[in-house]
Amino acid sequence: MFATFSTLFAALVGGMPVAFALGACGLAYLLTQNAAADALASQLFGSLNSSGLLAIPFFILAAEILSRTGATMRLIHLIDTFLRHTRGGLLAIAVIATAMFSSICGSSVATAAAIGTVMIPEMVKRGYDRTLCVGLIASAGGLGILLPPSVPLVVYGMVTESSIAGLFAAGAAVGIVLTICLVIVAYIFGCKSGVAPQPKATAAERWKAFKAALGVLMSPVIVLGGIYSGIFTPMEAAAVSCVYALALALFYGQTARKLLAVLTDAATTSSLIMLILAGAQLFGYAMTNERVPHAMFDFVSSMDLSKAGFYIGVMLFFLVIGMFLEVISVILITMPILLPMLAGFDINPIFFGIFVILNMEIAVITPPIGLNLFAISAISEVPVMRVFRGCVPFVLLLFAFMVAMVFIPGVPELFDYF
């Protein structure tokens with residue numbers, strides 16, 4: 001099995017796409033074990049033969065449609081009418097707009113890019129430090145993988161057989177608290193910047209902005225409300241969100257040519273995720289056959305770690321692996337190994353899922369592979385390392401938030417209600 005892990009590491013370092021690296025290692029294992037050819041086919045087919053996976057392409061398509069309908073500008077304008085008269089209000093607007101867009105998007109990179117394209121030039125224009133602006137948007141973009149409908153949470157739920165509705169509820173609760181923390185930090189930086197607030201919006205302006213954004217605001221209400229009222233399952237909710245987004249796009253006057261481009265982009269993204277899932281299944285099959293999860297569990301048990309020690313070890317592990325792999329790949333590679341350990345430490349899988357996602361929020365703004373860093377660097381023409389410098393205060397906030405969530409007595413037990 002050491003050879004399999006070595007091959008995977010060499011393939012990833014050599015620049016091979018994650019899906020092919022995982023699949024090649026799994027295939028190499030099958031060949032060395034003289035496995036029957038139908039084992040390859042059954043593993044590849046079985047990895048994608050799940051109705052739960054239907055949620056992924058539908059949520060991705062809904063997000064792609066809404067991102068092309070002017071949803072970003074409508075949300076930003078609405079929040080601006082309520083906060084622009086406060087000191088540091090524009091930074092708070094950026095965070096809240098990112099959180100609201102995350103609730104209809106499900107992707108950190110797409111969220112950061114969509115909000116950053118509009119907000120970064122405006123914040124710099126009003127006098128805020130460019131490094132702070134790019135760091136704030138890149139960091140807040142991580143909410144895209146925490147707030148529902150988060151695609152990584154769907155993948156985690158499929159891998160661990162956890163309730164996706166429960167994960168969405170936990171992600172929403174933690175995401176709201178984290179958003180408030182980000183707003184507070186942004187407000188502090190805004191007050192220190194010395195940038196003068198804008199004139200207060202009138203009630204008529206606010207009402208007009210609210211009506212313009214109402215269609216976008218209803219998207220998470222319909223999806224999450226339908227799930228928790230029992231009207232439809234998370235998979236059905238994904239399809240409903242897609243139909244609603246399409247209707248909204250047509251109402252806003254989007255042309256069929258633009259929708260064709262949206263379908264192409266959504267199909268490309270969905271295909272990449274499915275390829276990673278298939279490759280991870282082959283790799284996971286090899287690990288299971290070699291009893292790697294059991295060996296890891298025995299090793300950790302022999303160390304006689306406390307629950308706190310386990311959390312710290314996992315946090316450091318994800319910090320390292322998250323520097324080189326994106327979130328879905330990390331979940332698919334690590335969870336088959338870590339899942340058997342959760343019962344031994346009496347850890348709620350839903351709580352652990354949120355813990356994993358928070359770690360990945362740090363990963364998306366950490367070099368050398370932090371995807372949000374590159375997305376914001378590309379749209380703002382700011383060097384990647386300068387973007388990271390702007391992220392440092394928010395990385396520290398995320399670490400403090402995770403530590404508080406794990407170690408404050410009673411907080412982990414709250415997740416038993418989800």
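The values are calculated or read from the model by the stated rules, or taken from the named source; none is laboratory data. Worth saying up front: this structure is predicted, and the values here are computed from it rather than measured. Here the Cβ is made from the backbone with ideal geometry for all residues, glycine too, and neighbour counts use every protein chain on show.
Scanning the stretch 145-189 for residues being free of Cβ contacts under 8 Å to residues at least 24 places away in the same chain and under 12 Å from the mean Cα position of the chain (by Cα) gives a total of 0.
Just to check your reading of the model, which residue among Glu236, Glu161, Glu205 is within 24 Å of Met73 (Cα to Cα) and either out of contact with any Phe, Trp or Tyr (no Cβ under 6 Å at 6 or more places or on another chain) or at pLDDT below 90 (or both)? Walk me through how you get there before you give the answer.
On the way: Glu236 fails: within 24 Å of Met73 (Cα to Cα); Glu161 fails: within 24 Å of Met73 (Cα to Cα).
Step by step, each of Glu236, Glu161, Glu205 is checked, and only Glu205 is within 24 Å of Met73 (Cα to Cα) and either out of contact with any Phe, Trp or Tyr (no Cβ under 6 Å at 6 or more places or on another chain) or at pLDDT below 90 (or both).
Answer yes if at least one residue in the stretch 115-122 is under 30 Å from Val243 (Cα atoms), in a helix (DSSP H, G or I) and under 12 Å from the mean Cα position of the chain (by Cα), and no otherwise. No: zero hits.
Beta carbons closer than 8 Å, at least 6 apart along the sequence or on distinct chains, pair a first residue in the stretch 105-124 that is closer than 28 Å to Gly194 by Cα with a second that is of a type in the set (D, E, K, R) for Ile120/Arg130; Val124/Arg130.
Can you tell me which residue among Val221, Val195 is in a helix (DSSP H, G or I), over 14 Å from Asp80 (Cβ atoms) and among the hydrophobic types (A, V, I, L, M, F, W, C)?
Numbers: Val195 fails: in a helix (DSSP H, G or I).
The unique qualifying residue is Val221.
If only residues of the stretch 253-269 that are more than 18 Å from Val243 (Cβ to Cβ) and within 23 Å of the chain's Cα centre (by Cα) are counted, the one that is modelled with the lowest pLDDT is Thr269. Only one entry in Leu90, Leu147 is buried (at least 24 other Cβ atoms within 10 Å of the Cβ), among the aliphatic types (A, V, I, L, M) and outside any helix (DSSP H, G or I), namely Leu147.
Condition check ((1) hydrophobic (A, V, I, L, M, F, W, C); (2) surrounded by fewer than 17 Cβ atoms within 10 Å (Cβ to Cβ); (3) touching a Pro at 6+ places or on another chain (Cβ under 9 Å); (4) without any contact (Cβ under 8 Å) to a residue 60 or more places away in the chain) across all residues:
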| site | (1), (2), (3), (4) |
| --- | --- |
| Ala204 | yes, yes, no, yes |
| Val216 | yes, no, no, no |
| Val221 | yes, yes, no, yes |
| Gly226 | no, no, no, yes |
| Gly230 | no, yes, no, yes |
| Ser241 | no, no, yes, no |
| Leu250 | yes, yes, no, yes |
| Lys258 | no, yes, no, no |
| Ala266 | yes, no, yes, no |
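Yes/no matrix, rows are residues, columns are (1) more than 20 Å from Leu146 (Cα to Cα); (2) over 26 Å from the mean Cα position of the chain (by Cα); (3) outside any loop (DSSP other than H, G, I, E, B); (4) in contact (Cβ under 8 Å) with a residue 40 or more places away in the chain:
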{"site": "Gly309", "(1), (2), (3), (4)": "yes, no, yes, no"}
{"site": "Met323", "(1), (2), (3), (4)": "no, no, no, yes"}
{"site": "Ile333", "(1), (2), (3), (4)": "no, no, yes, yes"}
{"site": "Asp346", "(1), (2), (3), (4)": "yes, no, no, no"}
